Every structure is written in structure tokens, then in C-alpha cells.
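Participant: Here you go, one structure.
Laboratory data are not the source of any read-out in this text; all were calculated from the coordinates shown. Computed from a predicted structure; not experimentally measured. So basically every Cβ, Gly included, is an ideal-geometry build from the backbone, and we count neighbours across all protein chains shown.
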Amino acid sequence: MYTIVGLGNPGQKYEQTRHNAGRMAVLALKDVSARIITPDTFMNKSGEAVKPLIKSAKQAEKIIVIHDDLDVPFGTFKISFNKSSGGHKGVESIIRAVKTQAFTRIRMGISPTTASGKLKKPKGEEDVERHILGKFKPAELAVLQKLHKKINEAVVCLITEGREKAMSKFN
């Protein structure tokens, strides 16, 4: 059985923040035959919540982690497998805890783009923190609702048709 983990921070203070995009997506999943986990740990301690679920490298391959990603444009997502954390502290924590990066990730974009479509990432630690901990605007929440439906399709495809098929269909 697959386990789907939605990364984010617990508590009302963090609801609807960009850093909780993964948690929001997992909570929006429908008709998915999998164990759904939204860790009660803070993002940087996500590995503590995931580690008890994984007893072997083979089990890690049955985990799908959904999280925010500054390297992906807002309103889109990328499916990846066996990749480094890319600097994402929650993913880093999971990799350290389970001692493998051989799990599937759905990387939800949270960075704006310019009019020409170029990624416009926040610069500097303060700007990054302000951006990821900022709440989604109402217009962004509407975009997220549509994105959640696409992510739901991708998760169903991952589970029923496999990672390769899902990656070629949704990336």
C-alpha cells in the first residue's frame, strides 16, 4: 500500500501558507487508495513522522511526498524520484531519517513568474522565509483548487499505472 505524505507545519498559524502547500494538497485528495499522512511535526522534523513508516528501501519506493518547491512555477507541479532535497528542509529531514532519497515527490510550485514566464524566486534568506510562510491570496487559492485536481489525477496514476507513466503524463 502506498503512503502519501503532505508536508507542512502544524497549527492554525500556518494554515494556507505556501509552505503548507503539500499538506493542503493531501487533504484535498479524493478516491485515493493509500494511507494519508499529514505530520504533526514542523517541516524541518518531517523525517521523524515518516521514519516509522519505512522499514526498508523497498518500502520507501511506496511513499509519495507532496511539498512546496521554490524551483517550480506557482500553479504547476513536477513529479520526481530519487532526487536530492534541492535545499528543502522537510525533504532533507526525510532523506536523513530513512537513509534514502529513493521515493517519489510531487513538487508543487510556489514561486511567481514574470510576464514572459520566467521564474521569479525570492532572493535572500529573509525574503524566502517571508514568501514561504506567507499566506496564499484568494486568487492563488482558486488556482490551487484546480491544481489539487491535477495532483489527485497524478497520485491515482502513480498508484495504478506506475511512476514512469505518471512522470511522462504529468511532467
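Participant: Compute, for segment 10-77, the length of the dipole vector about the Cα centre, with Cβ point charges of +1 (Lys, Arg) and -1 (Asp, Glu) only. Units Debye, rounded to 20.
Facilitator: For this selection, approximately 280 debye.
Participant: Cα centroid distance between segment 150-171 and segment 113-147, in Å?
Facilitator: 25
Participant: In nm, what is the difference between 0.36 nm times the number of residues separating LYS55 and THR100 and their Cα-Cα distance?
Facilitator: 15.1 nm
Participant: If only Cα atoms are counted, what is the Rg of segment 1-118, and what is its Dmax, in Å?
Facilitator: Cα radius of gyration and Dmax of segment 1-118 are 13.7, 46 Å respectively.
Participant: Here's something else I'd like to know. Based on the Cα atoms of segment 54-94, what semi-axes does the equivalent ellipsoid have, where each is the square root of 5 times one gyration tensor eigenvalue, given in whole Å with the largest first?
Facilitator: 21, 12, 8
Participant: Hey, another quick one. For the chain, find the longest principal axis of its Cα atoms and tell me its angle to the long axis of helix 138-161, 0 to 90°, nearest 10.
Facilitator: 20
Participant: Let me ask something else about it. Report the relative contact order of segment 3-170, percent, no decimals, based on alpha-carbon pairs under 8 angstrom and at least 6 residues apart.
Facilitator: This gives 26 percent for segment 3-170.
Participant: Still on this structure, please answer the following. Going 7 Å from the Cα of ALA139 along its beta-carbon direction, which residues of segment 64-101 have the amide nitrogen within less than 19 Å of the resulting point?
Facilitator: Within reach of a label on ALA139, which here means backbone N under 19 Å from a point 7 Å along Cα→Cβ, segment 64-101 contributes 73-76.
Participant: Here's something else I'd like to know. Reachable aspartates and glutamates from LYS137, Cα under 14 Å, same-chain residues fewer than 8 places away excluded?
Facilitator: Result set, ordered by chain and number: GLU15.
Participant: Using only the Cα atoms of segment 96-171, what are the Rg and Dmax in Å?
Facilitator: When restricted to Cα atoms, segment 96-171 yields Rg and Dmax of 15.6, 41 Å.
Participant: Now a separate question. To make sure I understand the rule: partners must be lysines, Cα under 20 Å from the Cα of LYS99, and not fewer than 8 residues away in the same chain. Which ones qualify?
Facilitator: Here the lysines satisfying the reach criterion relative to LYS99 are LYS45, LYS51, LYS55, LYS58, LYS62, LYS83, LYS89.
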